[in-house]
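Input: a single structure, listed below in structure tokens.
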Amino acid sequence: MKPEPTGTKMAVHWELPVPPGGTAAVRLRLSADAARGFADFETILEQRRREADEFYAALQGEISDPDVRLVQRQALAGMIWSKQFYYYDVPEWLRGDGAQPPPPPERRRGRNHAWTHLNNADILSMPDKWEYPWYAAWDLAFHCLPLALVDVEFAKGQLLLLTREW
């Protein structure tokens, strides 16, 4: 533990037994103001719910079926949730991390070994997280159509990442 209370990283390990059929809630707030507490938690949470409901009500104005609206909202939320920082630098991957044991020699002849020009470092919509670290560019391009409903600038940016001349 650091003696001075500063830094940029933290972690929490909290065991919370939940009985079958039971529920549990954990409230966390990252704030420099420790005295702030949770007095306004419910107010802020309700405000954010209202804002989300208003956003989707405007987006889904032409959809009359409440089940269809719910499915679309959950699908779009899943796509927003799947954004992640993607970092893949092929030359670095081939060399390995100097602080770790060297990579196996097969790596120099393996998948993407000739892609020494490839250095990705950006936020991507990750349609198939199980494919990580190999993003599915074709799927990502198709996902940009529904993503444009909720964040047109992000969707455009994704297409530009995939189609730039680099």
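With coordinates expressed along the principal axes, the C-alpha atoms belonging to the chain extend over 55, 54, 35 Å, beginning with the largest. Where only DSSP H runs of four or more residues are counted, the chain gives -13000 deg cm²/dmol as its mean residue ellipticity at 222 nm, each run worth -39500 (n - 2.57). Relative to the globular-protein estimate of 2.2 N^0.38 Å, the Cα radius of gyration of the range 82-163 stands at 1.27.
Where in the chain lies the longest segment free of GluC sites (Glu not before Pro) that are both loop residues by DSSP (not H, G, I, E, B) and have at most 12 other Cβ atoms within 10 Å?
Segment 63-164 is the longest.
Each residue in MET79, MET10 was given a count of other beta-carbon atoms within 10 angstrom of its own, and listing them fewest first yields MET10, MET79.
With coordinates expressed along the principal axes, the C-alpha atoms belonging to the range 1-63 extend over 57, 35, 23 Å, beginning with the largest.
Every number in this text was worked out from the coordinates using simple rules, so none of it is lab data. Note that the structure is a prediction, hence the values are computed from the model and not measured. Glycine also receives a Cβ, built like all others from the backbone with ideal geometry; neighbour counts cover every protein chain displayed.
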